[in-house]
Amino acid sequence: MTDSTTRTVITVVALVVAAAVAAALGYVLFVWLPDDNLARLFGVLLTLAAVATALKIAGSALSSRFADYTVAEVAVEGPITRDGGGGGGLPRSPGTPGADEVVEQIERADDDPNAEALLVKLNTPGGQIVPSEDIRLAAERFDGPTIGYATDTCASGGYAIAVGCDELWAREGSVVGSIGVIGSRPNVHELADRLGVSYEQFTAGEYKDAGLPLKEVSPDERAYLQGIVDDYYDQFVEQVAEGRDMDEQAVRDTEARVFLGTEAYERGLVDGLGDREAVLDRVEERTGTEAVVEEFTPQRGLMTRLRGGATAVAYALGAGVASRFAGDDATGVDVRVRR
């Protein structure tokens, strides 16, 4: 019997035993002992929950004990926000992990003795600055080779994350770059004037209400807000120059444009071009072992997963309704500075 078959047999037996013990204990405590029917029904539900919990615990223990993977893969997809919200006024998409969850996945991979390398899958247009920074720092701290892999889009905050990886690979048709910062705000003071809405200021500090939509921006306030954007941009350029070993002027010369993978490679923005198999070959070169990938996903409790099912339906309905009113290509206005 091969080692793989032995591991499979042990895993199946252990899971069956764990489920049987949990089911028996749950039946005795929650079904056999209670007297009324309602309590018995509730007991059945608790027993099922106990079985699910036991299987999860046993599965986690066995997967760690008999794991055969060598590479942890973490995905960063969609707009980068703290909680995984999609922007544009829509609530969080239940399938999109937030930055904190991505950081947790990377840290879990770093603590996993089986994960010799980290593969960061990037398909994002960017997003909020500090959440992007948190993911970049987590990738930098991973103890082992870290390879970023751009699929469709690796732009702005996504590229900031890639800078924290030892290498960045892309497809020839991937969209890469957008090394820049944007700060946007709506201004409705003229509309407010026509509607007879006035703005009264009660602030302490000259620039406390700078950028509020109900008042016109003064030249001093405009310079102040632009200065914040410029400072963020300078930080971004420095990070890219250091992480990619590039001259700062060469980074600025990109003028926040995006490039297809081939030109990004020529400019030194990526280290290699190829599909997923080529990336895995590169991982094997870095580690000296076969690249067996395990996808790391957010660890969410039972109640969170149950809520996620209902949330997914509500989100899909809400997103569909919103798109009917806003148009499929409508984008929300983000008053925060973002990459």
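The values are calculated or read from the model by the stated rules, or taken from the named source; none is laboratory data. Here the structure is a predicted model, which is why all the values come from computation and not from measurement. All Cβ positions, even for glycine, are placed from backbone atoms using ideal geometry, and neighbour counts span all protein chains on display.
Inspect the range 185-203 for any residue being among the aromatic types (Phe, Trp, Tyr), surrounded by 13 or more Cβ atoms within 10 Å (Cβ to Cβ) and at negative phi and give the result as yes or no. Let's see the steps before the verdict.
From the range 185-203, those among the aromatic types (Phe, Trp, Tyr) are 199, 202; that's our starting set.
Now narrow it down to the ones that are surrounded by 13 or more Cβ atoms within 10 Å (Cβ to Cβ): 199.
Next, from what is left, pick out any that are at negative phi: 199.
Yes, some residue in the range 185-203 is among the aromatic types (Phe, Trp, Tyr), surrounded by 13 or more Cβ atoms within 10 Å (Cβ to Cβ) and at negative phi.
Can you give me the number of residues within the range 201-229 that are of a type in the set (Val, Ile, Thr) and assigned to a loop (DSSP other than H, G, I, E, B)?
The first filter runs over the range 201-229 and keeps only residues of a type in the set (Val, Ile, Thr), leaving 203, 217, 228-229.
Keeping just the survivors that are assigned to a loop (DSSP other than H, G, I, E, B) gives 203, 217.
Adding up the residues that qualify gives 2.
Would you mind stating whether Glu284 is at pLDDT 90 or above, exposed (fewer than 13 other Cβ atoms within 10 Å of the Cβ) and over 21 Å from the mean Cα position of the chain (by Cα)? Give the steps one after another, and end with the answer.
On the way: at pLDDT 90 or above: yes; exposed (fewer than 13 other Cβ atoms within 10 Å of the Cβ): no; over 21 Å from the mean Cα position of the chain (by Cα): yes.
No; evaluated as a whole, the condition is false for this residue.
Pull up the range 186-224, narrow it to residues that are at pLDDT below 80 and in contact with a Leu (Cβ under 8 Å, 6 or more places away or on another chain), then point me to the one that is nearest to Asp234 (Cα to Cα).
Only one residue fits best here, namely Gly211.
Exactly one condition in (1) in contact (Cβ under 8 Å) with a residue 60 or more places away in the chain; (2) under 26 Å from the mean Cα position of the chain (by Cα) is false for Gly211; which is it?
Here Gly211 meets the rest and fails (2).
Out of the residues in the range 112-165 that are of a type in the set (Asp, Glu) and more than 13 Å from the chain's Cα centre (by Cα), which is surrounded by the fewest Cβ atoms within 10 Å (Cβ to Cβ)? Write out each step before concluding.
From the range 112-165, those of a type in the set (Asp, Glu) are 112, 116, 133-134, 140, 143, 152; that's our starting set.
Filter once more, keeping what is more than 13 Å from the chain's Cα centre (by Cα): 112, 116, 140, 143, 152.
Numbers: Asp112: 15, Glu116: 20, Glu140: 15, Asp143: 11, Asp152: 15.
Checked the range 112-165; the qualifying residue surrounded by the fewest Cβ atoms within 10 Å (Cβ to Cβ) is Asp143.
Pull up the range 231-255, narrow it to residues that are in contact (Cβ under 8 Å) with a residue 12 or more places away in the chain and of a type in the set (S, T, N, Q), then point me to the one that is farthest from Asp275 (Cα to Cα).
The qualifying residue farthest from Asp275 (Cα to Cα) is Gln239.
Go through the range 256-298 and count every residue that is part of a loop (DSSP other than H, G, I, E, B) and touching a residue at least 24 places away in the same chain (Cβ under 8 Å).
Of the residues in the range 256-298, the ones part of a loop (DSSP other than H, G, I, E, B) are 256-257, 267-271, 274-275, 288-292, 296-298.
Narrowing the set further to residues that are touching a residue at least 24 places away in the same chain (Cβ under 8 Å) leaves 256-257, 268-271, 274-275, 289-292, 296-298.
Residues flagged as part of a loop (DSSP other than H, G, I, E, B) and touching a residue at least 24 places away in the same chain (Cβ under 8 Å) within the range 256-298 amount to 15.
With the checklist (1) in the same structural domain as Ala117 (by TED's automatic domain parsing); (2) in contact with a helix residue (DSSP H, G or I) (Cβ under 6 Å, 6 or more places away or on another chain) in hand, flag the one item Asp166 doesn't pass.
The failed condition is (2).
Filter the range 230-255 down to residues that are surrounded by fewer than 16 Cβ atoms within 10 Å (Cβ to Cβ) and assigned to a helix (DSSP H, G or I), then give me how many there are.
So the answer is 9.
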